[in-house]
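Asks: Let me begin by handing over the structure; questions about it come next.
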Amino acid sequence: LSVSACAGGKAHTPGMPDALSSQLAVLSADAEQGFKAARDAYKAGNAENALFIAHRISESYPNTPWYKRSLFLTEQALIRLDRMSEADAAMLRVQAEYPELADYAVFLLADYHFAKSRYSEAAALYEQVSVRYPKSSLIARAAFKRAQALLESFAYPEAVAAFEEFLQDNPVSEFAPAAGLGLGRALTAEADLARAVRVYQDVWVKYPGA
């Protein structure tokens, strides 16, 4: 999320004195520079510094766009620092206070759990993206990752259903070949070998490059 993309106009608030409005504009500019510093620290791999600056922004600039953006950056930094319970809490704050990025906050935490082999937790969060944010651009990716998480958690019947639903809804998705292979794996684990063979053959025909 770029600073330029996040930056909004500095319109005068109705009923606010011009002097105070100008002061708030200056504070907002300072917050923007602070957010850029936090973001740069995060990109440079210094999650501790990014977290510290993000906290300062959220404390110093409440009720501003930079406050909300600092919440999302806080979650990112906590995940990188592997502070799970705090990252969970940060995600909930983003959901409540920054709805524009709520789906990304949930997906980010789901990926974190998946990377740590906490597949059941990941599956639940990926499903939350689909259920709570049906218009999200992450819907297809979340559905695919949920099916993967179910497979890795040995929930084979649920994984079969999830992969089948994904392929039905997203037959030309970039994830469709991998979903077909995942479905074959889940069916094999379920000892449904005849169906697994048919699925693998279907993948070979539909996605020859898979």
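The values are calculated or read from the model by the stated rules, or taken from the named source; none is laboratory data. Since this is a predicted model, take the numbers as computed values, not measurements. Please note: Cβ atoms are built from the backbone with ideal geometry, for glycine as well, and neighbour counts cover all protein chains shown. For the accessible areas, the whole protein counts, side chains as well, though only heavy atoms, and no ligand, DNA or RNA atoms are used. Shrake-Rupley method; radii C 1.70, N 1.55, O 1.52, S 1.80 Å.
Asks: Could you identify the single residue in TYR104, TYR98, TYR67 that is out of contact with any Asp or Glu (no Cβ under 9 Å at 6 or more places or on another chain) and farther than 19 Å from LYS145 by Cα?
Replies: Numbers: TYR104 fails: farther than 19 Å from LYS145 by Cα; TYR67 fails: out of contact with any Asp or Glu (no Cβ under 9 Å at 6 or more places or on another chain).
Criteria check complete, one pass: TYR98.
Asks: Mind counting the residues in the range 62-81 that are part of a loop (DSSP other than H, G, I, E, B) and either touching a residue at least 24 places away in the same chain (Cβ under 8 Å) or among the basic types (Lys, Arg) (or both)?
Replies: Restricting attention to the range 62-81, the residues satisfying the condition of being part of a loop (DSSP other than H, G, I, E, B) are 62-64, 81.
From what is left, the residues that are either touching a residue at least 24 places away in the same chain (Cβ under 8 Å) or among the basic types (Lys, Arg) (or both) are 64, 81.
The qualifying residues number 2.
Asks: Moving on to the next point. Could you say whether any residue in the range 68-87 is open to solvent by 20 Å² or more (accessible area, probe 1.4 Å), modelled with pLDDT of 90 or more, under 21 Å from the mean Cα position of the chain (by Cα) and within 14 Å of GLU32 (Cα to Cα)? Quick ask: steps written out before the conclusion?
Replies: At the first step, the residues of the range 68-87 found to be open to solvent by 20 Å² or more (accessible area, probe 1.4 Å) are 68-69, 72, 76, 79-86.
Imposing the further condition that a residue be modelled with pLDDT of 90 or more reduces the set to 68-69, 72, 76, 79-86.
In the following step, the residues that additionally are under 21 Å from the mean Cα position of the chain (by Cα) were identified as 68-69, 72, 76, 79-86.
If we keep only those that are within 14 Å of GLU32 (Cα to Cα) too, we end up with 68-69.
For the range 68-87, residues open to solvent by 20 Å² or more (accessible area, probe 1.4 Å), modelled with pLDDT of 90 or more, under 21 Å from the mean Cα position of the chain (by Cα) and within 14 Å of GLU32 (Cα to Cα): present.
Residue by residue, here is whether (1) within 18 Å of ILE79 (Cα to Cα); (2) among the hydroxyl-bearing types (Ser, Thr, Tyr); (3) free of Cβ contacts under 8 Å to residues at least 12 places away in the same chain holds:
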| position | (1), (2), (3) |
| --- | --- |
| VAL106 | yes, no, no |
| ASP111 | yes, no, no |
| TYR119 | yes, yes, no |
| GLU152 | no, no, no |
| VAL160 | no, no, no |
| PHE163 | no, no, no |
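Asks: I need the full set of residues from the range 30-40 which are surrounded by fewer than 20 Cβ atoms within 10 Å (Cβ to Cβ), more than 21 Å from the chain's Cα centre (by Cα) and not acidic (Asp, Glu), in order please.
Replies: Once the filter is applied, which keeps residues that are surrounded by fewer than 20 Cβ atoms within 10 Å (Cβ to Cβ), more than 21 Å from the chain's Cα centre (by Cα) and not acidic (Asp, Glu), the range 30-40 yields GLN33, GLY34, ALA37.
Asks: Okay, next question. Counting just the residues of the range 167-210 that are outside any loop (DSSP other than H, G, I, E, B) and among the β-branched types (Val, Ile, Thr), which one comes out nearest to GLU152 (Cα to Cα)? It would help to see each step written out before you state the result.
Replies: So in the range 167-210, the residues outside any loop (DSSP other than H, G, I, E, B) come out as 167-169, 176-189, 193-206.
Keeping just the survivors that are among the β-branched types (Val, Ile, Thr) gives 188, 197, 199, 203, 205.
On the way: THR188: 13, VAL197: 20, VAL199: 19, VAL203: 20, VAL205: 26 Å.
Looking at the filtered set, the residue picked out is THR188.
Asks: Still on this structure, I have one more. Residues to consider are GLU121, GLU59; find the one that is closer than 30 Å to ASN170 by Cβ, part of a helix (DSSP H, G or I) and not β-branched (Val, Ile, Thr). Walk me through how you get there before you give the answer.
Replies: Numbers: GLU59 fails: closer than 30 Å to ASN170 by Cβ.
One residue alone meets the criteria, GLU121.
Asks: Can you pull out every residue in the range 41-61 that is touching a residue at least 24 places away in the same chain (Cβ under 8 Å) and open to solvent by less than 20 Å² (accessible area, probe 1.4 Å)?
Replies: Correct list: ALA47, ALA50, LEU51, ILE57.
Asks: With respect to the numbered conditions (1) in contact with an Asp or Glu (Cβ under 8 Å, 6 or more places away or on another chain); (2) among the aromatic types (Phe, Trp, Tyr); (3) modelled with pLDDT under 95, which one is the sole condition not fulfilled by TYR207?
Replies: If we test TYR207 against (1) in contact with an Asp or Glu (Cβ under 8 Å, 6 or more places away or on another chain); (2) among the aromatic types (Phe, Trp, Tyr); (3) modelled with pLDDT under 95, just (1) comes out false.
Asks: Further question: Kindly list the number of the only condition in (1) in contact (Cβ under 8 Å) with a residue 24 or more places away in the chain; (2) open to solvent by less than 60 Å² (accessible area, probe 1.4 Å); (3) aliphatic (A, V, I, L, M) that fails for LEU181.
Replies: All conditions pass for LEU181, except number (2).
Results for (1) modelled with pLDDT of 95 or more; (2) in a loop (DSSP other than H, G, I, E, B); (3) under 13 Å from the mean Cα position of the chain (by Cα); (4) crowded, with 24+ Cβ neighbours inside 10 Å, shown as yes or no for each residue.
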position	(1), (2), (3), (4)
ALA102	yes, no, yes, no
ALA105	yes, no, yes, yes
LEU108	yes, no, yes, no
HIS113	yes, no, yes, no
TYR126	yes, no, yes, yes
SER136	yes, yes, yes, no
PHE144	yes, no, no, no
ALA147	yes, no, no, yes
GLU164	yes, no, no, no
